[in-house]
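Accompanying notes for the structure given below.
The values are calculated or read from the model by the stated rules, or taken from the named source; none is laboratory data. All values derive from a computational prediction rather than experimental measurement. In this analysis, Cβ positions are derived from the backbone assuming ideal geometry, glycine residues included, and neighbour counts consider all displayed protein chains. We work out accessible area using only protein heavy atoms, side chains counted, and drop any ligands, DNA or RNA first. Shrake-Rupley method; radii C 1.70, N 1.55, O 1.52, S 1.80 Å.
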Amino acid sequence: MPNILHRLTIDAPPERVHELAATAEGIQRWWTARPVTGDDSAGGRLEVYFGDHERPAAAFEVVEGTSPRIVWRCVAGPSDWLDTRINFALTPRNDGGTTLLFSHEGWIAETEFMNGCPTNWAAYLMSLKAGAETQAFNPYPGGEISRWD
């Protein structure tokens, strides 16, 4: 199965990065700029909205949410995403920053839809990085590079 992998060095402490990647309020700041609804604790369900759509674009079961690892499983959304897992693994750096290993795992096949996702994930992870470091978030639609439709 193909996977999307990214590694980022973030000049912010792991606690700050964790807050942005693990909480509904944090995710909203770097990814969607729309409300992220639901329960962000382990076993909970998060729903993510984009654009003017009144229904969520995707929903995730929170498999793990405590530092140093955050794991979501896609339970609703684009068919190519169903049952994939999104992982954020945080490692403290000696300089006070964080190394983030990101993966979006379990894709059934490489598809045209999948081709756009690594690019968009990179853009949104850069939004997370910039926001953690300087509060300069760039969520959807600012960070979108490849459209879903």
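Just the number please: accessible area per residue for the chain, 1.4 Å probe, all protein chains included, in Å².
On the way: 7420 Å² over 149 residues.
Value for the chain: 50 Å² per residue.
Starting from the Cα-Cα distance between residue 99 and residue 1, subtract it from 0.36 nm times their residue separation and give me the gain in nm to one decimal. Display every interim value, and only then the final one.
Details: separation 98, 0.36 × 98 = 35.28 nm, distance 2.49 nm.
That works out to 32.8 nm of additional length.
Carbon and sulfur together cover what percent of the accessible area of the chain at a 1.4 Å probe radius?
50 percent
Hey, could you pull the Cα Rg and Dmax for segment 1-62, both in Å?
Rg and Dmax of segment 1-62, Cα atoms, are 13.0, 35 Å.
Hey, with R₀ at 30 Å, roughly what FRET efficiency would residue 66 and residue 9 work out to, going by the Cβ-Cβ distance, to 0.05?
Plugging the Cβ-Cβ distance into 1/(1 + (r/R0)^6) gives 0.85.
If the only charges are +1 at each Lys and Arg Cβ and -1 at each Asp and Glu Cβ, what is the size of the charge dipole of segment 16-149 around the Cα centre, to the nearest 20 debye?
Computed charge dipole of segment 16-149: roughly 320 debye.
Size of the dipole of segment 72-149 about the Cα centre, Lys and Arg at +1 and Asp and Glu at -1 on the beta carbon, nothing else charged, in debye to 20?
Dipole of segment 72-149, to the nearest 20 debye: 260 debye.
Please give the length that would be gained between residue 112 and residue 41 if that part of the chain were fully extended, namely 0.36 nm times their separation in residues minus their C-alpha to C-alpha distance (nm, one decimal). Walk me through the numbers before you get to the answer.
On the way: separation 71, 0.36 × 71 = 25.56 nm, distance 3.26 nm.
Here the segment from residue 112 to residue 41 would lengthen by 22.3 nm.
Give the residue from 9, 53, 75 lying farthest towards the positive end of the charge dipole for the chain; charges sit on Cβ (+1 for Lys and Arg, -1 for Asp and Glu) and the dipole is referred to the Cα centre.
Of 9, 53, 75, it is 9.
Which order do 54, 61 take by accessible area at a 1.4 Å probe, largest first? The partial results should precede the final answer.
Values: 54 155, 61 60 Å².
Descending order: 54, 61.
What does the accessible area of residue 52 come to, in Å² to the nearest 10, when a probe of 1.4 Å is used?
Number for this one is 140 Å².
Using just the helices of the chain, give the 222 nm mean residue ellipticity in deg cm²/dmol: DSSP H runs with n ≥ 4 each add -39,500 (n - 2.57), and the total is spread over all residues, rounded to 500.
So the calculated ellipticity at 222 nm is -7500 deg cm²/dmol.
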